[in-house]
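Structure first, then comments.
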Amino acid sequence: MSEINKTIDIHKAIEAVWKIESTRLIAGIARVTRDIGIAEELAQDALVAALERWPEEGIPEKPAAWLMTAAKRRAIDSLRRGRMLELKHGEIARELEFQQQRLGEAMDQALDQVIDDDVLRLIFTACHPVLTIDGRVALTLRLACGLTTAEIARSFLVPEKTLGQRIFRAKKILSEAHVPFEAPRGDELKQRLESVLSVVYLIFNEGYTATSGEEWMRAALCEDALRLGRMLMGLLPEESEVHGLLALMELQASRTAARRGPTGEAVLLPEQDRSLWDHAQIERGMAALQRAQQLSGGARSYALQAAIAACHARADTVMETDWERIVLLYDALLQVSPSPIVALNRAVALGMAHGPAAGLHALDALAAEPALANYHLLPSVRGDLLMKLGQYAEAREELQRALAMTDNVREQDVLSKKLKQAMLID
């Protein structure tokens, strides 16, 4: 093997180690520094050191411990420089020695003492409500998933510089707001958990159906969200909504292989080859849903959505799906999480259960909803229902409206095909 190939292989191995260990490493350092911005900076310095030394020395037997040691050295160097500026000459030696010893001991113990609570603190801090949603998403992917700024920027189709500024601002806000590095307890946990779960599901949804660009799905984002969901399930095993969200993501992600055609084109649910669905993932989703229900969370938002996904997973075909049950589940969901999007999905299910006229009637009641004014799925669904009713001229108008509203190339392709179909039939 050439030296170049050997170096490339080691760099790939370092990337893999970073993906596995970075969350624990940053969490361990943050427990000592009480600042995730400083913790990430020290962890990144350790990564740079690994990239410089491991190609020559080889990957150590305990890479996480090596990285923590490198971070400790960098922290002590930073402390030394900072204290030299702050202390009078006569006090330097004694004070610096004390500070170095205290920091060194804390960092030595940090990795061994990193327990689930530290990782949980990291996730809750990254998803703190003081941050914007964009900031929470970017920081969570960066700190809890170990993604680089470039990877996150590519996933969300924004310039790397913009994403980097977003992360910088988020860390600065946390520091200036003196947000403590801790996991909330009691009633506050319930409130803050909602923020965490919404961030995870937002990441999943952006991967499941990209809002813009040329890809129908960004599967890597779905995997990142699933990894976070599984992590949270282990950290908060008694929280029903964690199990509910994981169930929902597992069941939806089980369709991944069937949702894209040979050239990456979108394949919608009615046309999917269900033999391609991942049945092991379906079983995991069903088990998580059952656990949510056992924890008395079956009537909460994510569990209800997972129950709807489970109806699809149990059916061999679209026509065999229990659409009546799905309508009832959407009715329950509207009670706990009223939303125009939920009402739109209910109209689709109603159209399948009781015919397109019933679906169209429910859909027309949503026409004045401000939240749906620029939502492409409203005219898209309306176009489908009108086609089923034989009202092709109106269907074409709706499909043309939907086409103008979406920025995803694959969705545009789907709508264009429907539009051509409506023109040929009429």
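The values are calculated or read from the model by the stated rules, or taken from the named source; none is laboratory data. Note that the coordinates shown come from a computational prediction; the quantities given were computed from them, not determined experimentally. Cβ placement follows ideal geometry from the backbone for every residue including glycine, while neighbour counts extend to all protein chains displayed. Heads up: the accessible areas ignore ligands, DNA and RNA and are worked out on the full protein's heavy atoms, side chains in. Shrake-Rupley method; radii C 1.70, N 1.55, O 1.52, S 1.80 Å.
Quick rundown of the values:
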read-out: Filter pass, residue 263 being touching a helix residue (DSSP H, G or I) at 6+ places or on another chain (Cβ under 8 Å), over 20 Å from residue 347 (Cβ atoms) and surrounded by fewer than 20 Cβ atoms within 10 Å (Cβ to Cβ); value: no
read-out: Subset of the stretch 14-44 (residues that are of a type outside the set (A, V, I, L, M, F, W, C), surrounded by fewer than 18 Cβ atoms within 10 Å (Cβ to Cβ) and without any contact (Cβ under 8 Å) to a residue 60 or more places away in the chain); value: 15, 44
read-out: Residues satisfying the stated conditions in the stretch 255-286, i.e. part of a helix (DSSP H, G or I) and either in contact (Cβ under 8 Å) with a residue 40 or more places away in the chain or touching a Pro at 6+ places or on another chain (Cβ under 8 Å) (or both); value: 259, 269, 270, 274
read-out: Check on residue 139, buried (at least 22 other Cβ atoms within 10 Å of the Cβ), under 16 Å from the mean Cα position of the chain (by Cα) and in a helix (DSSP H, G or I); value: yes
read-out: 2 or more residues within 29 Å of residue 422 (Cα to Cα) and open to solvent by less than 30 Å² (accessible area, probe 1.4 Å): qualifying helices (runs of 4 or more DSSP H) within the stretch 288-384; value: 323-336, 340-354, 356-364
read-out: Residues being without any contact (Cβ under 8 Å) to a residue 40 or more places away in the chain and out of contact with any Asp or Glu (no Cβ under 9 Å at 6 or more places or on another chain) - total across the stretch 312-346; value: 24
read-out: Sole exception among (1) within 19 Å of the chain's Cα centre (by Cα); (2) open to solvent by 20 Å² or more (accessible area, probe 1.4 Å); (3) more than 29 Å from residue 408 (Cβ to Cβ) for residue 240, by number; value: (2)
read-out: Test: residue in the stretch 270-281 that is of a type in the set (A, V, I, L, M, F, W, C), loosely packed, with under 13 Cβ neighbours inside 10 Å and modelled with pLDDT of 95 or more; value: yes
read-out: Within the stretch 149-254, helices (runs of 4 or more DSSP H) holding 1 or more residues that are farther than 28 Å from residue 283 by Cα; value: 149-156, 160-176, 186-208
read-out: The stretch 391-426 - residue that is outside any helix (DSSP H, G or I) and touching a residue at least 40 places away in the same chain (Cβ under 8 Å) and, of those, surrounded by the fewest Cβ atoms within 10 Å (Cβ to Cβ); value: 407
read-out: Which numbered condition residue 216 fails, given (1) at pLDDT below 90; (2) more than 23 Å from residue 348 (Cα to Cα); (3) surrounded by 15 or more Cβ atoms within 10 Å (Cβ to Cβ); value: (2)
